[in-house]
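Asker: The structure under discussion is supplied below as C-alpha coordinates; questions concerning it will follow.
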Amino acid sequence: MATGTEEEPPYIEAFGHKYHHSGRIFVPFDEKEQQRMELQHKLYRHCLNGALTATRIPLNVENIVDLGSGTGVWPLEMAVRYPQANILGIDISRIQRTTAVPPNVSFAIDNVENPWPISAGSVDFLHIRGLAGGVSDWPALFRQAYEKLKPGGLLEWTEQANQIFDFDNDLGDAELCPQFLNLWRDLSKQNNIDFSPAPSGPVWLVDIGFEAIAQRIEILPIGEWAQDEKLQTRQKLMNQISAEHFESHCGLLFTNCGWTREKFDEITPTFFSEIHDQSKKPYTTM
(Lines give C-alpha, C1' and ligand atoms only; values in the text may rest on other atoms or scores of the structure.)
Protein backbone atom coordinates (compact mmCIF):
# COMPACT_ATOMS: atom_id res chain seq x y z
CA MET A 1 0.00 0.00 0.00
CA ALA A 2 1.06 3.62 -0.29
CA THR A 3 0.11 6.77 1.58
CA GLY A 4 -0.32 10.17 -0.03
CA THR A 5 -3.31 10.55 -2.32
CA GLU A 6 -2.90 14.02 -3.78
CA GLU A 7 -2.67 14.17 -7.55
CA GLU A 8 0.92 14.35 -8.75
CA PRO A 9 1.82 17.92 -9.90
CA PRO A 10 3.54 18.52 -13.26
CA TYR A 11 7.16 17.45 -13.52
CA ILE A 12 10.21 19.38 -14.69
CA GLU A 13 11.87 18.08 -17.85
CA ALA A 14 15.60 18.49 -18.48
CA PHE A 15 17.78 16.66 -21.00
CA GLY A 16 14.80 14.43 -21.75
CA HIS A 17 14.38 13.30 -18.14
CA LYS A 18 11.55 13.93 -15.66
CA TYR A 19 12.40 15.56 -12.33
CA HIS A 20 10.23 16.31 -9.31
CA HIS A 21 8.20 19.49 -9.72
CA SER A 22 9.81 21.10 -6.64
CA GLY A 23 13.05 21.59 -8.57
CA ARG A 24 15.05 20.53 -5.50
CA ILE A 25 15.52 16.85 -6.39
CA PHE A 26 18.38 16.57 -8.87
CA VAL A 27 17.80 12.87 -9.56
CA PRO A 28 15.01 12.05 -12.05
CA PHE A 29 12.18 9.58 -11.49
CA ASP A 30 11.34 8.46 -15.04
CA GLU A 31 11.44 4.91 -16.37
CA LYS A 32 15.07 5.11 -17.43
CA GLU A 33 16.09 6.26 -13.96
CA GLN A 34 14.10 3.42 -12.43
CA GLN A 35 16.17 1.04 -14.56
CA ARG A 36 19.32 2.64 -13.15
CA MET A 37 17.99 2.18 -9.61
CA GLU A 38 17.56 -1.53 -10.24
CA LEU A 39 21.12 -1.79 -11.62
CA GLN A 40 22.41 0.16 -8.62
CA HIS A 41 20.62 -2.25 -6.31
CA LYS A 42 22.40 -5.17 -7.96
CA LEU A 43 25.69 -3.34 -7.50
CA TYR A 44 25.03 -2.70 -3.81
CA ARG A 45 24.13 -6.33 -3.22
CA HIS A 46 27.21 -7.54 -5.04
CA CYS A 47 29.40 -5.33 -2.84
CA LEU A 48 27.65 -6.88 0.18
CA ASN A 49 28.22 -10.43 -1.09
CA GLY A 50 24.54 -10.87 -1.76
CA ALA A 51 23.35 -9.37 1.50
CA LEU A 52 20.92 -6.46 1.79
CA THR A 53 22.79 -4.69 4.57
CA ALA A 54 26.30 -4.41 5.93
CA THR A 55 24.78 -4.10 9.40
CA ARG A 56 23.99 -7.21 11.43
CA ILE A 57 20.33 -6.77 12.25
CA PRO A 58 18.78 -8.69 15.19
CA LEU A 59 16.34 -11.36 14.07
CA ASN A 60 13.62 -9.89 16.31
CA VAL A 61 13.74 -6.47 14.64
CA GLU A 62 10.30 -4.83 14.66
CA ASN A 63 10.41 -1.55 12.73
CA ILE A 64 12.56 -0.78 9.68
CA VAL A 65 12.54 2.47 7.69
CA ASP A 66 14.06 2.97 4.24
CA LEU A 67 14.64 6.57 3.12
CA GLY A 68 14.57 7.21 -0.63
CA SER A 69 13.02 3.86 -1.52
CA GLY A 70 12.83 4.51 -5.25
CA THR A 71 11.24 1.50 -6.91
CA GLY A 72 10.89 -0.17 -3.52
CA VAL A 73 13.10 -3.13 -4.35
CA TRP A 74 15.06 -2.96 -1.08
CA PRO A 75 12.01 -2.94 1.28
CA LEU A 76 10.36 -5.71 -0.72
CA GLU A 77 13.41 -7.96 -0.49
CA MET A 78 13.93 -7.11 3.19
CA ALA A 79 10.33 -8.12 3.87
CA VAL A 80 11.11 -11.67 2.78
CA ARG A 81 14.06 -11.89 5.17
CA TYR A 82 12.26 -10.21 8.05
CA PRO A 83 8.58 -11.18 7.71
CA GLN A 84 7.87 -10.19 11.31
CA ALA A 85 9.11 -6.60 10.82
CA ASN A 86 7.06 -3.59 9.76
CA ILE A 87 8.96 -1.97 6.89
CA LEU A 88 8.22 1.59 5.77
CA GLY A 89 9.71 3.08 2.62
CA ILE A 90 9.64 6.85 2.10
CA ASP A 91 10.17 8.49 -1.29
CA ILE A 92 9.13 11.74 -2.91
CA SER A 93 8.00 10.03 -6.14
CA ARG A 94 5.30 7.42 -6.57
CA ILE A 95 7.35 4.89 -8.52
CA GLN A 96 7.28 1.91 -6.17
CA ARG A 97 6.38 -1.55 -7.40
CA THR A 98 2.68 -2.25 -6.89
CA THR A 99 2.57 -6.01 -7.46
CA ALA A 100 3.53 -8.73 -4.99
CA VAL A 101 3.90 -6.25 -2.13
CA PRO A 102 4.08 -8.17 1.19
CA PRO A 103 1.60 -7.13 3.91
CA ASN A 104 4.43 -5.94 6.16
CA VAL A 105 5.61 -3.31 3.64
CA SER A 106 4.12 0.16 3.17
CA PHE A 107 5.24 3.30 1.37
CA ALA A 108 4.82 6.97 2.24
CA ILE A 109 5.07 9.48 -0.63
CA ASP A 110 6.88 12.51 0.77
CA ASN A 111 10.17 14.37 0.82
CA VAL A 112 12.48 12.59 3.26
CA GLU A 113 13.43 16.01 4.67
CA ASN A 114 9.87 16.50 5.92
CA PRO A 115 8.78 14.98 9.27
CA TRP A 116 8.35 11.23 8.87
CA PRO A 117 4.99 9.62 9.75
CA ILE A 118 6.43 7.60 12.63
CA SER A 119 6.80 8.14 16.36
CA ALA A 120 10.02 9.21 18.02
CA GLY A 121 12.08 6.36 19.45
CA SER A 122 10.24 3.69 17.45
CA VAL A 123 12.68 2.57 14.73
CA ASP A 124 15.06 -0.38 15.12
CA PHE A 125 16.90 -0.01 11.83
CA LEU A 126 17.10 2.98 9.50
CA HIS A 127 18.42 2.45 5.97
CA ILE A 128 19.65 5.28 3.71
CA ARG A 129 21.43 4.92 0.40
CA GLY A 130 21.85 6.90 -2.80
CA LEU A 131 20.16 10.07 -1.52
CA ALA A 132 22.87 12.43 -2.77
CA GLY A 133 21.25 14.94 -5.11
CA GLY A 134 17.98 14.84 -3.19
CA VAL A 135 18.89 16.27 0.22
CA SER A 136 19.53 19.94 0.96
CA ASP A 137 20.24 19.69 4.70
CA TRP A 138 22.05 16.49 5.67
CA PRO A 139 22.59 17.32 9.38
CA ALA A 140 18.85 17.98 9.77
CA LEU A 141 18.09 14.62 8.14
CA PHE A 142 20.38 12.82 10.58
CA ARG A 143 18.95 14.72 13.54
CA GLN A 144 15.52 13.38 12.62
CA ALA A 145 17.04 9.91 12.22
CA TYR A 146 18.49 10.14 15.72
CA GLU A 147 15.10 11.22 17.09
CA LYS A 148 13.19 8.39 15.41
CA LEU A 149 15.59 5.57 16.34
CA LYS A 150 15.10 3.56 19.49
CA PRO A 151 17.91 3.66 22.08
CA GLY A 152 20.46 1.28 20.58
CA GLY A 153 18.83 1.55 17.16
CA LEU A 154 20.95 1.11 14.03
CA LEU A 155 21.59 3.41 11.07
CA GLU A 156 23.20 2.37 7.77
CA TRP A 157 24.02 5.02 5.15
CA THR A 158 25.63 4.40 1.75
CA GLU A 159 26.65 6.89 -0.93
CA GLN A 160 28.82 6.64 -4.03
CA ALA A 161 31.78 9.01 -4.18
CA ASN A 162 31.82 11.87 -6.66
CA GLN A 163 35.48 11.26 -7.52
CA ILE A 164 37.36 9.05 -9.98
CA PHE A 165 40.92 7.88 -9.34
CA ASP A 166 43.57 5.78 -11.10
CA PHE A 167 44.10 2.41 -9.40
CA ASP A 168 47.79 2.42 -10.42
CA ASN A 169 48.48 5.77 -8.79
CA ASP A 170 50.37 4.98 -5.59
CA LEU A 171 49.54 8.35 -4.05
CA GLY A 172 45.81 7.88 -4.61
CA ASP A 173 45.19 11.61 -4.88
CA ALA A 174 45.47 12.26 -8.62
CA GLU A 175 41.86 12.58 -9.73
CA LEU A 176 40.82 11.53 -13.22
CA CYS A 177 38.41 13.68 -15.25
CA PRO A 178 39.13 16.76 -13.09
CA GLN A 179 37.72 19.24 -15.60
CA PHE A 180 34.27 17.69 -15.67
CA LEU A 181 34.15 16.80 -11.98
CA ASN A 182 35.25 20.29 -10.91
CA LEU A 183 32.55 21.73 -13.16
CA TRP A 184 30.04 19.35 -11.56
CA ARG A 185 31.06 20.55 -8.09
CA ASP A 186 30.82 24.20 -9.09
CA LEU A 187 27.32 23.71 -10.48
CA SER A 188 26.33 21.78 -7.35
CA LYS A 189 27.39 24.74 -5.20
CA GLN A 190 25.41 27.10 -7.41
CA ASN A 191 22.36 24.88 -6.87
CA ASN A 192 23.06 24.52 -3.13
CA ILE A 193 23.08 20.73 -3.36
CA ASP A 194 25.74 18.34 -2.06
CA PHE A 195 26.40 15.32 -4.27
CA SER A 196 29.34 14.22 -2.07
CA PRO A 197 28.11 14.21 1.52
CA ALA A 198 29.92 11.07 2.68
CA PRO A 199 33.24 12.70 3.73
CA SER A 200 31.36 14.98 6.16
CA GLY A 201 29.14 12.17 7.45
CA PRO A 202 31.19 11.01 10.45
CA VAL A 203 31.45 14.56 11.83
CA TRP A 204 27.71 15.14 11.46
CA LEU A 205 26.87 11.83 13.13
CA VAL A 206 29.22 12.40 16.08
CA ASP A 207 27.93 15.92 16.62
CA ILE A 208 24.33 14.66 16.70
CA GLY A 209 25.13 11.93 19.22
CA PHE A 210 25.52 8.71 17.24
CA GLU A 211 27.96 6.20 18.69
CA ALA A 212 30.06 3.25 17.50
CA ILE A 213 30.41 4.68 13.98
CA ALA A 214 32.12 2.34 11.50
CA GLN A 215 33.06 3.03 7.89
CA ARG A 216 33.44 0.64 4.97
CA ILE A 217 34.79 1.43 1.51
CA GLU A 218 34.24 -0.63 -1.64
CA ILE A 219 36.12 -0.18 -4.94
CA LEU A 220 34.01 0.24 -8.08
CA PRO A 221 36.10 -0.22 -11.26
CA ILE A 222 35.22 1.54 -14.51
CA GLY A 223 36.56 0.67 -17.96
CA GLU A 224 38.14 -2.65 -18.92
CA TRP A 225 41.01 -3.24 -16.50
CA ALA A 226 39.66 -5.38 -13.64
CA GLN A 227 41.08 -8.92 -13.46
CA ASP A 228 39.47 -10.24 -10.29
CA GLU A 229 36.11 -11.92 -10.95
CA LYS A 230 34.34 -9.93 -8.25
CA LEU A 231 35.72 -6.63 -9.52
CA GLN A 232 34.84 -7.58 -13.09
CA THR A 233 31.20 -7.99 -12.10
CA ARG A 234 31.19 -4.58 -10.44
CA GLN A 235 32.96 -3.11 -13.46
CA LYS A 236 30.33 -4.46 -15.84
CA LEU A 237 27.55 -2.86 -13.80
CA MET A 238 29.44 0.43 -13.45
CA ASN A 239 30.12 0.57 -17.20
CA GLN A 240 26.44 0.00 -17.95
CA ILE A 241 25.34 2.65 -15.46
CA SER A 242 27.83 5.24 -16.72
CA ALA A 243 27.18 4.55 -20.41
CA GLU A 244 23.38 4.44 -20.26
CA HIS A 245 22.56 6.80 -17.41
CA PHE A 246 25.40 9.34 -17.24
CA GLU A 247 23.32 12.35 -18.24
CA SER A 248 20.34 11.56 -16.00
CA HIS A 249 21.92 13.12 -12.89
CA CYS A 250 23.20 16.08 -14.93
CA GLY A 251 20.02 17.34 -16.59
CA LEU A 252 18.47 19.57 -13.94
CA LEU A 253 21.83 20.53 -12.44
CA PHE A 254 23.20 21.86 -15.73
CA THR A 255 19.92 23.29 -17.03
CA ASN A 256 19.46 25.38 -13.87
CA CYS A 257 22.83 26.98 -14.61
CA GLY A 258 21.97 27.89 -18.19
CA TRP A 259 23.47 24.91 -20.02
CA THR A 260 21.79 23.54 -23.12
CA ARG A 261 21.86 19.86 -24.03
CA GLU A 262 24.00 20.73 -27.07
CA LYS A 263 26.59 22.49 -24.91
CA PHE A 264 26.60 19.57 -22.47
CA ASP A 265 27.09 17.05 -25.29
CA GLU A 266 30.21 18.94 -26.39
CA ILE A 267 32.06 18.13 -23.14
CA THR A 268 30.97 14.54 -22.56
CA PRO A 269 33.25 12.91 -25.18
CA THR A 270 36.29 14.20 -23.28
CA PHE A 271 34.96 12.69 -20.06
CA PHE A 272 34.41 9.26 -21.60
CA SER A 273 37.74 9.31 -23.46
CA GLU A 274 39.48 9.79 -20.10
CA ILE A 275 37.43 7.02 -18.51
CA HIS A 276 38.34 4.57 -21.27
CA ASP A 277 41.99 5.58 -21.60
CA GLN A 278 43.79 2.23 -21.82
CA SER A 279 46.74 3.61 -19.85
CA LYS A 280 44.51 4.27 -16.82
CA LYS A 281 42.63 2.08 -14.38
CA PRO A 282 39.74 4.32 -13.29
CA TYR A 283 37.65 3.56 -10.24
CA THR A 284 35.37 5.24 -7.78
CA THR A 285 34.23 4.13 -4.35
CA MET A 286 31.21 3.83 -2.13
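The values are calculated or read from the model by the stated rules, or taken from the named source; none is laboratory data. The model shown is predicted, which means the values in this text are computed figures rather than measured ones. Using ideal geometry, Cβ is built from the backbone for each residue, glycine included, and neighbour counts are taken over all protein chains shown. Surface areas here come from the heavy atoms of the whole protein model, side chains and all, with no ligands, DNA or RNA. Shrake-Rupley method; radii C 1.70, N 1.55, O 1.52, S 1.80 Å.
Asker: Output needed for the stretch 108-159: three equivalent-ellipsoid semi-axes, defined as square roots of 5 times the C-alpha gyration tensor eigenvalues, in descending order, whole Å.
Answerer: 18, 13, 10
Asker: Let me ask something else about it. For the stretch 55-60, in order, what is each residue's ³J(HN,Hα) by Karplus, 6.51 cos²θ - 1.76 cosθ + 1.60 with θ = phi - 60°, in whole Hz (x at glycine and Pro)?
Answerer: Per residue, the Karplus-derived 3J(HN,Hα) values read 7, 7, 9, x, 5, 8 Hz.
Asker: Using amide H atoms built in the peptide plane, which far-off residues or other-chain residues are under 5 Å from Phe107 H to H?
Answerer: Ala2, Thr3, Gly89
Asker: Right, next: Please enumerate, by chain and number, the lysines with C-alpha under 25 Å from the C-alpha of Lys189, excluding those fewer than 8 residues away in the same chain.
Answerer: Leaving aside lysines fewer than 8 places away in the same chain, those within reach of Lys189 are Lys18, Lys263.
Asker: Okay, next question. Sum -39500 (n - 2.57) across every DSSP H segment of at least 4 residues in the chain, then divide by the residue count to get the 222 nm mean residue ellipticity, nearest 500. Could the numbers behind the result be given before it?
Answerer: Values: 8 runs with 96 residues, N = 286.
-10500 deg cm²/dmol, from helical runs alone.
Asker: In Å and whole numbers, how far do the C-alpha atoms of the stretch 1-104 stretch along each principal axis, longest first?
Answerer: So the three principal-axis extents are 43, 32, 24 Å.
Asker: If you stretched the chain out fully between Gln232 and Ser279, how much longer would it get, using 0.36 nm times the residue separation minus the C-alpha to C-alpha distance?
Answerer: Result: 15.2 nm gained on full extension.
Asker: Could you tell me which of the pairs Lys42/Lys281; Lys32/Lys230; Lys150/Lys230 are separated by over 29 angstrom between their Cα atoms in the structure shown?
Answerer: Lys150/Lys230
Asker: Also, quick follow-up: What residues qualify as long-range amide H neighbours of Leu155, i.e. H under 5 Å apart, gap of 5 or more or another chain, H built at 1.01 Å from N?
Answerer: Leu126
Asker: Okay, next question. Evaluate E = 1/(1 + (r/R0)^6) for Ala174 and Ala212, where r is the Cβ-Cβ distance and R0 equals 25 Å; express this FRET efficiency to the nearest 0.05.
Answerer: Rounded to the nearest 0.05, the efficiency is 0.15.
Asker: Using modelled amide H (1.01 Å from N, peptide plane; none on Pro or chain starts), what sits under 5 Å from the amide H of Asn63, excluding residues fewer than 5 places away?
Answerer: Answer set, sorted by chain and number: Asn86, Asp124, Phe125.
Asker: Select from Gln40, Gln179, Gln96 the residue whose mean-square fluctuation is largest in a Gaussian network model of the chain (Cα-Cα springs shorter than 10 Å).
Answerer: Among Gln40, Gln179, Gln96, the largest mean-square fluctuation in the Gaussian network model of the chain belongs to Gln179.
Asker: What net charge is computed for the residues neighbouring Asp277, neighbours being all others with C-beta under 15 Å from the C-beta of Asp277, Lys and Arg scored +1, Asp and Glu -1?
Answerer: So the surrounding residues net to -3.
Asker: Still on this structure, please answer the following. Bin width 10 Å, origin at 0, all Cα-Cα pairs of the stretch 168-228: what percent of pairs per bin?
Answerer: Binned Cα distances yield the sequence 15, 33, 35, 16, 1.
Asker: Looking at the stretch 30-124 only, what percent of DSSP beta bridges run antiparallel? Nearest 5 please.
Answerer: Antiparallel: roughly 0 percent of the beta bridges in the stretch 30-124.
Asker: Looking at the stretch 156-286, what % of the alpha carbon pairs are farther apart than 22 Å?
Answerer: Result: 45 percent of Cα pairs exceed 22 Å.
Asker: For Leu52, what charge total do you get from the other residues with a beta carbon under 14 Å from its beta carbon, if Lys and Arg give +1 and Asp and Glu give -1?
Answerer: It works out to a net charge of +2.
Asker: Next question, about the same structure. Give me the percent of the accessible area of the stretch 124-165 that comes from carbon and sulfur atoms, probe 1.4 Å, all protein chains in place.
Answerer: 48
Asker: Choose one answer from Val123, Val101, Val206: the residue with the largest mean-square fluctuation in a GNM of the chain with alpha-carbon springs under 10 Å.
Answerer: Val206
Asker: While we're looking at this one, here's another question. Dipole size in debye (nearest 20) for the chain around its Cα centre, Lys and Arg Cβ +1, Asp and Glu Cβ -1?
Answerer: Roughly 600 debye for the chain.
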